[in-house]
1. Looking at A:A103, A:A142 in this structure, which one is among the hydrophobic types (A, V, I, L, M, F, W, C) and modelled with pLDDT of 90 or more?
2. Looking at the range B:139-147, can you tell me whether even one residue there is over 18 Å from B:F327 (Cβ atoms) and in contact (Cβ under 8 Å) with a residue 40 or more places away in the chain?
3. Return yes or no: is B:A948 away from every other protein chain (no Cβ under 14 Å), farther than 17 Å from B:V830 by Cβ and touching a His at 6+ places or on another chain (Cβ under 8 Å)?
4. State the number of residues belonging to the range B:7-22 that are within 49 Å of the chain's Cα centre (by Cα) and outside any strand (DSSP E or B).
5. Take B:V773 and decide whether it is closer than 22 Å to B:P418 by Cα and touching a helix residue (DSSP H, G or I) at 6+ places or on another chain (Cβ under 6 Å).
6. Quick check on the range B:420-431. Is at least one of its residues over 30 Å from B:E541 (Cα atoms) and over 27 Å from the mean Cα position of the chain (by Cα)?
7. Take A:P56 and tell me if it is touching a residue at least 12 places away in the same chain (Cβ under 8 Å) and either at the interface with chain B (Cβ under 7 Å from one of its Cβ atoms) or part of a loop (DSSP other than H, G, I, E, B) (or both).
8. Which one is farthest from A:V368 (Cα to Cα), of the residues in the range A:435-470 that are surrounded by 24 or more Cβ atoms within 10 Å (Cβ to Cβ) and of a type in the set (S, T, Y)?
Amino acid sequence: MRGLIENRFGFLALVLIALGALFGVAFVTRQGVTPAPVPAPGRVAVESVSTVCPAPGGGRISAVTPPGGKGAGAATIAEIGGKPSGAAKLEQPGVPWQRDLPAKSGPVKVAGTGAMAAGLEATQTTRQLTGAARGLAGVRCAEPGSSTWFVGPGPATADVQLYLTNADAAQAVIEVMVYAGEGPVVSESGNGLVLKPGEHRTIRVRDLAPSPLIMAVEVRTISGRVAASARAVLGKGKGADWLPASTEPATSVVVPGIPGGGGLRELYVTAPGDADTVVHIKALTADGFYAMKNRESLDVPAGSTASLDLSTGIGGQPAAIVLTSEMPIVAGLMATGTGTRQDVAFSAGAPAIEVGSVVADNRSGKKVSSRLILSAPAAAGKVRVQTLPRRGAAPAPVEVQIPGSRTKEIKLAAPAGGGDYSVVVLPLPGSGPVYGGRVMDERTPEGLLLTTQPLALARTWAIVPPVAESSTVVLP
Amino acid sequence: MQPPRPSVTAIVVAHDGTRWLKETLEGVLRQTRPLDRVVGVDNGSRDGGAKMLTEAFGPNAVLTLPRSTGFGEAVAAVLERLPRTGGEEWIWLLHDDSAPDPRALEALLWAAAGDQKAAVLGPKLRDWLDRRTLLEIGVTVDRSGRRDTGLEPREYDQGQHDGVHQTLSVSTAGMLIRRDVWEQLGGLDAGLPLFRDDLDLCWRATAAGYHVLNVTDAVAWHAEAATRRRRRMAASDVHPRRLDRRNALFVVMANLPFRSLLWSVARNLVVSLFRTFLLLLAKQPANALDEVAALVSVLGSPRRLMKARKARRKNRKQGYPQVKPLFTPSGMAYRRLADMVQGYLSGSGPIDSAGRHHAVISEPAKEDGEELLTDAGLMQRVLSNPGVLLCLALVGVTLAAERSLLYGDLLGGGALVPVVGGASDLWHLYTSGYHASGLGSGGWAPPYVAVLAALSTVFLGKTWLAVSVLLLGCVPLAGLSAYVATRSMISHPLARVWLAASYALLPVATGAVAAGRLGTAVVFVLLPAYAALASKVITGERRAARRAAWGLGLLLAVGTAFAPLVYVLVAVVGGLAAVSFGGVRRGVGVSLGIALAVPIVLLFPWVVQIAGDPGRILLEAGLHRPGLVDLRLPPEALLLLSPGGPGVPPVWATGGLIAAALAALLFRRHQMVVIVGWGVTVFGVLVAIVAARVPVQGAPAWPGVPLAFAATGLIVAAALTGHRVIELHRAGGLRRAGAAFMVLVACTTPLLVAGLWIKDGVRGPLQRGVPSVVSDFVAAGSPQGEGTVVLRSSASGLLGFTVLRGRTPLIGETDLPVPEATRDRLSDVVAGIVSGRGGDDAGTLATYGVRFIAVPGPVDAKVRRSLDSDPALVRVSLSPSAGLWRMVQPLGRAYLVDEGGRRTPVQYTASGAGLTVTVPPGQVKRTLVLAEPAGGWTAKAGGTSLAASTVDGWAQGFEVPSAGGRVTVEYAAFWHDAWLWAQLALVALVLILASPGARSAEAVEEYAEMPVEREPQEVLAR
């Protein structure tokens, strides 16, 4: 010890040893702290759903709650502004409810709470064999929201009407934006309107913007919520149908559910942002992705809508169109049936059906057929398809494999008891993202009646993001 | 023809002054200009003064008066009895302790002959003992009555002030005054038996148009026996200091014209109170009392003052222009005040020299910055001071590096909550018993809020300024603190400059600035002060050590409030020191005990909170975010003092410092201290390893504080060998090269860190212009502190939320404790809303008093969709930068629940922490619910207390009568308030005990008997 103190290098050695020991401790513990993993998003059953069927007069409303809900609950179907006693009740989950409504009926609100809300789905379908609106037309009853996009033909091509309903207790201030082929249309009369609670109104887009051949419409609220639907009537012998709501502007959009067969297939793409963009277009068919010759991309100027005829490109195959761009876009598609008097159907950008999808009204018969067109643009998809008949026991569910980067068409079989039925499509664990659409057609002597409905997210489950109280949110 | 020779009468007044009287009498009798008459007055001396006077002047020339007679009365009594000579007649007044030089009278008369207006003349007064020290060459006052001799303390007489000059006043010791003027003016005021009677007389003489002259050719030696308390005063039993001050005030107020008087009264009030405050701080309560008592006694007897003013009315206003130029120049007062503050800060206590009766004070303490004492111009002095240069350089480096943070909007980011609010808001936060912020909390606000509030008050209420200075200025502040603190440890200024620069530019500092770590920044500035105070506690003289211990305790409490870990570090090292030095030096153990106990006592309630959650010891003030720390801090970074996280230089930047400190181990001198320094370093690094590896609330703490602690030991160890390096350098040859190399290596660290810091700048996360999460709309929409849920999604997918009360949280509010149960319950509700499942989650959220949901941008599409689809919410606005939703049916902070569970909002107004609610009449069984956690609340309606209950498992409810009416809801915070007062008292006490006190102010100077320099001569009697 004495030698250590007297040696000039003694203390240096001691300190170095101590530092070495510290290094050792720090080295051994260098794995440090692994931050607690963020819990995966959970899901909870939806507790309350309300949808508005815009104009069911002369048509049929179908509503269904898929089985599986727990606890008590109730679902009612009532005309907005109608007598409370006129409300119908959806009796039990798993059994579709249908009713044909008289021609003069106003919008109908389908609302459910508790167990009857989880997955509540309503559709209105009209079938007309004469008149300007001849054709098969169906639309998913709309959920009130703050922003709804429709993409399709403009007032110069078709008579497009917006059905706006305020089913809430608060007043809604609404703005309608029109993006035409030449850019956003600024209306001189102003695009705003106010809907009082319970009020509904029909607006002709022609009154806002008379000239566009093609267009995208955004119905958005400045305050409150609105249930918006849009219907396009192309004219005598050209058919009519409802425009399905498109997904919000995004840089990657999938337009699913394009029916096979002959007829026109026209794609509409809108870039509502401030910058021009080039949209890359790929078709996803049963044979996989392929870029259509001369139709690989589409230039869309800022704030405007562009269209592209894909009829020859897809070549009559059931397909989905996958669009990517640098700027957010919305997209829609028009398909026409064959025959001397055509019918028209619309599809639009749709989300992947993560928690499943329900289509309330499907028909199968001798002349009528319903098909699901499912696409798995990435990994292979695996879904279970369950039909829910109005009468009789539900058949066993069918599991369907969709190979990766393929589209698959599934023909829905009529239930044993006949009649209309609902379909539940549920992705199974391990499945890649699946997009889909339902096509329903009816052969008539004059031609094919056609309607499509892109599969929307079922309202069964809500994704609960992991939430934590933290003061750090006051800072970016 | 020669003018008739004037007649001069000397009057010697004696009072218990035999010690000096003999020499005085000698001086009188040996004048070269013989006196025409001499008279002795004895004011009842008990030491044989009368006998001595009789021996000198003869029995007929001595008058005996009672003991209580004042000087003025005594002279007046003599003049009453003294017949006039008819011609020009002069009176020469002498104290028993003032011995005139033999040529004094001659010189005075010569000067009097030279000036027709001269009526009062005085000699140059020198000290009795130290015969060359000047006491007075005429005295003046400022408007607040402070004496000013115009001399430096202990100034030697080298003829530098010689000449005949007019002055405001001369002392009565040796005063030559024309008898007719004396009688015209009424002589000395009998109301001023001692002190300032001379000033009063001379003032009146000047005002009457005469000249008061000081003649430096005439010399007298004065013992100032009364002021120095060499003898008891019989004329007054008041302490001479208080008497002097009172008389000074009295004379000034009596002689000033009316308008000046008003100004003088106001000024004296302010100045006296300030002086009292300073004196109290210096622990001189007796002086402080005198100061106040003097003022009160003058202002308290206005009649006496009126009388005196009436007597002086004649020439006061007309003569004032003559008096005015003789006052002390006005700048003098400020210089004096500055001297006093400086004296206080330097530890010698606020004794202002010229304010005492004479110019002599005890030897000034050795100045602290001795290098400041070179006799050069101020600018040169400042600019050649290495400490100042270092600070300027560090300020320059800081400004260059923090260029992005210097101006702009809200400062915030990283760990720092955007700095909003002012000092009053922080004080309110600290003092209120219940904090209506966030989810509501009755806990103690973190004590650093009080420190920041105090600092903000100093910065005129601007919290942002205080925080900016502390955080952004932490590098220069730390440099300054290190430079000043090591003054007594390291002698060589260059070594200290290196030390301070190395310390200030540690990676810890740049990291703390970049991440907005206010806690580390404050502790970083305080650590050198801890080191200095601790070394004083261990090695200092006992009283100083105790004082340092109190100071250390106080500063440690401040540091602990910001970063509790520093207490643990200091406590462990302090404990070891107490064990090693406790036996060697008496009182060290107790002193260290005081230093370590003070923080615990001062921070008591908060310490209890911390003890309940020990992990928080590792954390610091501000937000704890995993993104701000390096989760896998490499071992070499820890050893190289790099704490990781944003804004730190590469780990190798500090290599030179470590190398220099290792080299310091090779020197023999100071080896023990170097070893102790290294011991501190090893301990600090060990704690840093623990801090960097132990997760607290999901992420490890930032090891900045322990690494700064480690660096302190390391740098002090290295700097101690600075002089040795210089010696090596002087040795020349190979050693010189070695020394140069070592210096080079040692200097790489500060230069590298500074260079890299400037090059990279501060890139955040601390930033200017943090967007406020609470918009003006929300602020206007929640006037009574209604809640707003703020939702922000993070990259990891975790959705964070918090509840704000209509404003951005104050600094410190985010550290308030929130009960885990409440937090979980609210998390479920928010998750339900964000999932968009429908349901009544929004309604439940309303019962928490929430009115808005704000989502700062970019707004996540799913969150937006969920909020939009909730019928209980209405969107107010949505833009890329933010979205805001409002409850359709908000309940507010108070609402009623009826028997059926129906909730209805009520009218209420917030007042402080409580509420006043107007309850409408209604059903029998209704509950008034306060959307605050239950417990501690009381409610009163018309004087009766309401029965309390807990609603929904957490909220505070009260049964309300069916008649309704006004209900006052309050939070009972009696014990909280009581403890706050106690805390205030404790802080004041510690401050007083820690502040530098004067050395015993009235220390009895050794007053040896008069040194007899001349051979004794027999007293000449005439």
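1. Numbers: A:A103 fails: modelled with pLDDT of 90 or more.
Exactly one residue qualifies, and that residue is A:A142.
2. No: the range B:139-147 contains no residue that is over 18 Å from B:F327 (Cβ atoms) and in contact (Cβ under 8 Å) with a residue 40 or more places away in the chain.
3. Spelling it out, it is not the case that B:A948 is away from every other protein chain (no Cβ under 14 Å), farther than 17 Å from B:V830 by Cβ and touching a His at 6+ places or on another chain (Cβ under 8 Å).
4. Result for the range B:7-22: 7.
5. Yes, satisfied.
6. No, because not a single residue in the range B:420-431 is over 30 Å from B:E541 (Cα atoms) and over 27 Å from the mean Cα position of the chain (by Cα).
7. Working: touching a residue at least 12 places away in the same chain (Cβ under 8 Å): yes; either at the interface with chain B (Cβ under 7 Å from one of its Cβ atoms) or part of a loop (DSSP other than H, G, I, E, B) (or both): yes.
Against the criterion (touching a residue at least 12 places away in the same chain (Cβ under 8 Å) and either at the interface with chain B (Cβ under 7 Å from one of its Cβ atoms) or part of a loop (DSSP other than H, G, I, E, B) (or both)), A:P56 qualifies.
8. A:T460
The values are calculated or read from the model by the stated rules, or taken from the named source; none is laboratory data. Here the structure is a predicted model, which means the values were calculated and not measured. FYI the Cβ positions are ideal-geometry reconstructions off the backbone, even for glycines, and counts take in every protein chain you see.
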